Amino acid sequence: MAPKTPHQKVSEYTPVYGSKVSLQEEDFFANSNTELIRDAIIDLPEEEGEERQQWAHPIEFLLSCVAMSVGLGNVWRFPMTAYENGGGAFLIPYLVVLLFIGRPLYFMELAMGQFSSFGCVKVWKAVPAIKGVGYGQIIGTWSVVTYYCSLMALTVFYFVMSFQSQLPWTWCNPDWADENCVDSMNFNSSTTTNLSVSSSEQYFIKYVLRQADSIEDGLGLPDWRLTLCLLFSWVLLFFTLVKGVQSSGKVAYFTALFPYVVLFTLLGRGVTLEGSVDGIIYFITPQWEKLLQLDVWYAAVTQSFFSLSVSFGSIIMFASYNSFSQSIYRDALIISVADTLTSLLAGLTIFSILGNLAFETGKEVKDVVKAGTGLAFISYPDALAKFEHVPQLFSVLFFLMMFTLGVGSASALTGCVITVICDQFPKWKKAYVTLFVCIAGFGIGLVYVTPGGQWILDLVDYFGGGFVIFVMAIIETIALHWLYGMKNFLKDVEFMLGIKLGIYWKFCWFLFIPLFLTAILIYILIEMEPLQFNGSLYPTSAYACGWTLAVVALLTVPIGFLHSWYISPGDTLMEKLCNTFRPKDTWGPKKTKHRKEWEAFKSS
């Protein structure tokens, strides 16, 4: 629906509600004219409604969001999570979550960013007491992006190894294979036993990762080959981000569209393999009894958040570069549908391959391979090995696709971290901030290319990328619709887009999302069992580190509240407390013209 232009007579701007901002607070936060802004743009006061960097074309915003949402979360994490939770047993909760949680939250964050032209921290001028949520999201985002780039490093390694006369994972090389190894090309029921392992799996575990059986004695040293691949990934990310959306928007044309060509090619090959139908049936057949298990719903919610990048802050950041009346209602629908279909496409591809492996080994689909990161780096290479003509070409294309998927998502997540830093320290040059973030990310990422790296990856994904983001999503929704007020938010959206949202959005935002997510969180905390890696428990010190990461991220919320209370204007503690829950005077559309029209619209 085309946005309407308000025609009310505009009087001299006077804030209708909100608390006055003290000089102390303004000095502390230091006005920032934009996140990821070009150095050539001059700092101007916010109240002057300065211009900010914007997407060169609306299609670049849409493609960037698609590239962000359609990433390794679809091709790597979705099939892995579905496999770990019973295939079809996971599919129904996932689709329900996308409809009633994922899509509403995605549109909500788009609206927050576009309306305010702020990143995920300063957007909480709407409810200053909750500004710590933005910092908590950044900790979760930083946790994810550090291991995300290590996955990109794996795709780079496989990409380079694909330029050989014979794909190295298709045969058992005595240098790394043991007596149970069977060539992937000959991996079938006549050549295997219950102890047999495909060469693709042993290649990944023993040669690529050199994975440790335990981390009791430490993680080990970083692998030099994967270290170089990790360095390449971060260098490319730096050049993608150094000029902000003006550079990343151009990259999105390739990163958003190219993966579909490869995925459809792989699916076409997968469905022609013997036994593929059994794998697909396992993927789409629901196990109704599992719908009563809340841990499956928890997995569906965390996968939805990871896939759509909801509550990571990157959606708010991307939308903040839009023009004020960009049709994000349409964009949110396109992106959420594209994300869902891509996940299903990746799932069909993976499970068709798993069906073939089950057929050839005589095992059940659920017992073919170990769950975890290796699912994508074992099953996909197995499929590539079965291409009769130029498998090297398809391998190169596939791992190039995996890398481009990673670039699309990692650039959004890393850009969100850079945004917050540039927000708080506007005098710092963006290029230097980007360089510092990329160097720090590379340094931390070295942990994941050690023999014990996959242990840490699962640990950080669980505590930093899953649990923290889950809690932040609950607080974010409650703060916006219960504290700022659903009526205020709906009027903001109506003013910005010219549309009135219906009962579906109100029900999801005000009731379903906060109550449903809270119920699942309580259940998970009560029923929580120690995290395991391939059936093995972590050392006590690892659990302590995981919980420390989660607690540090969650503490940003009460610390942010106390700071807002301390600097809030008011003569008494109660008056200062009340003001922390009221929007600041600087909350609202950033341009003076839009702000005046908005104030008139609210009072009409």
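Some notes on this structure:
- Heavy-atom accessible area per residue - the chain, 1.4 Å, Å²: 39 Å²
- Scoring 282-292, 130-140 by mean Cβ neighbours within 10 Å over their residues and listing the highest first yields 130-140, 282-292.
- Of the solvent-accessible surface of the chain, computed with a 1.4 Å probe and all protein chains present, 66% belongs to carbon and sulfur.
- Highest average packing first - 260-272, 528-540, Cβ atoms within 10 Å: 260-272, 528-540
- Residue 175-residue 427 FRET efficiency (beta carbon distance; Förster radius 45 Å; 0.05 resolution): 0.25
- Here residue 213 sits with roughly 140 square angstrom of accessible surface, probe radius 1.4 Å.
- Within region 379-452, the proportion of Cα pairs with more than 20 Å between them is 54 percent.
- Long hydrophobic helices in the chain: the complete DSSP H runs spanning 27 Å or more by Cα along their own axis with mean Kyte-Doolittle hydropathy of at least 0.5 are 132-161, 245-270, 328-361, 391-424, 540-567.
- Extension gain from residue 439 to residue 274, taking 0.36 nm per residue of separation minus the Cα-Cα distance: 54.7 nm
- Ordering of 499-506, 301-308, 563-570, 445-452 by packing [mean C-beta count within 10 Å, highest first]: 301-308, 445-452, 563-570, 499-506
- Cα-Cα over 31 Å, subset of 429/491; 290/491; 125/430; 427/487; 131/430; 243/602: 429/491; 290/491; 427/487; 243/602
- The distance between label points at residue 239 and residue 537 comes to 4.9 nm (points 7 Å beyond Cα on the Cα→Cβ vector).
- Checking (i) 36.5; (ii) 32.0; (iii) 27.0 against mean projected area of the Cα convex hull in nm² calculated from these atoms, the matching label is (iii).
The values are calculated or read from the model by the stated rules, or taken from the named source; none is laboratory data. Because the structure is a prediction, the values reported are computed rather than measured. All Cβ positions, glycine included, derive from the backbone under ideal geometry; neighbour counts span all protein chains shown. Surface accessibility is based on the protein's heavy atoms, side chains included, excluding ligands, DNA and RNA. Shrake-Rupley method; radii C 1.70, N 1.55, O 1.52, S 1.80 Å.
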